[in-house]
Amino acid sequence: MKVIPGTSLGYQPSDGYTAGNGTFMKDDMIYASKLGAVNVIKNIVSIGSVVDTKMRLFLGKIVKINASKATITIYVDFDNQKLALDVNLLEKDSGRDNLLQYFKLGDILQIRLLSNIYDENVYCTTIGSDVGVVLANCSDCFAKLSIVSQDSMFCSSCKNIEKRKCVFAS
Ligand SMILES: [Zn+2]
């Protein structure tokens, strides 16, 4: 059985079951605390990964950003449903100290996962030429920007040039 966080797993400690990795207990019932598949071994209930998603590419949208942190919502296929998942951008090795100089709220990015979608905290990166902003709107007139280089986008309607970390294969 594949579950999402918060799913009641139907096992009760009072029946002899123990809450293992990826689960929590509430009102004498074991619940999933992360995405994954349910395993019951020797009455220990845990949640395991379904498939390895590390290093995979996903499209997502920046839903929260400040100078040092950004949250990107990606959509993942899970048990025949599309699930929205918030992942954290990890850019400390990129030289991009102030994220606000390279990304803006609402930008659509291609990202590479650094963790599995089944982990408690999921991290991603835009280090590499195949990851970064793919779609963004002009800050001045809100028209769609076009990518012109790995670090700039151009607005053909108001001629504004904006700095972004873009997907760019030269
Ligand atoms: Zn513009």
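None of the figures in this text is laboratory data; all of them are computed from the coordinates on show. The shown structure was predicted, so the numbers you read here are calculated from the model rather than taken from an experiment. Ideal geometry is used to build each Cβ from the backbone, glycine not excepted, and the neighbour counts take in all protein chains shown.
Between the alpha-carbon centers of region 1-47 and region 63-128, tell me the distance in whole angstrom. Distance between centres, Cα-based: 28 Å. Dipole of the chain computed with +1 at Lys/Arg Cβ and -1 at Asp/Glu Cβ about the Cα centre; of Cys155, Ser8, Asn121, farthest Cα towards the positive end is Cys155. Using a cutoff of 8 angstrom between alpha carbon atoms and counting only pairs six or more residues apart, the relative contact order for region 11-50 works out to 39 percent.
Note on the chain: Cα convex hull, mean projected area over all directions, 11.7 nm². Maximal additional length on extending the Leu83-Ala169 stretch stands at 28.0 nm, based on 0.36 nm per residue less the C-alpha distance. Under the shape rule built on the C-alpha gyration tensor, where the axes satisfy a ≥ b ≥ c, region 2-48 is oblate, since a/c reaches at least 1.5 while a/b does not exceed b/c.
Each of Ile111, Thr73, Leu100 was placed along the dipole of region 47-154 (beta-carbon charges, centred on the mean Cα), and the one lying farthest toward the positive end is Leu100. Each of the peptides 24-30, 131-137, 35-41 was scored by the mean count of other Cβ atoms within 10 Å over its residues; in descending order, highest first, they stand as 131-137, 35-41, 24-30. Only Cα pairs under 8 Å and 6+ residues apart enter the sum, and on that basis the relative contact order of region 2-68 stands at 30 percent. Only the Cβ atoms of Lys and Arg (+1) and of Asp and Glu (-1) were treated as charged; on that basis the dipole of the chain about its Cα centre amounts to roughly 440 debye.
Computed FRET efficiency, Cβ-Cβ of Leu59 and Phe24, R0 41 Å: what is it to the nearest 0.05? After rounding, the FRET efficiency stands at 0.85. Here is the link list: Lys64/Lys159; Lys82/Lys165; Lys64/Lys92. Which ones come out longer than 19 Å on Cα distance? Beyond 19 Å between Cα atoms: Lys64/Lys159; Lys82/Lys165.
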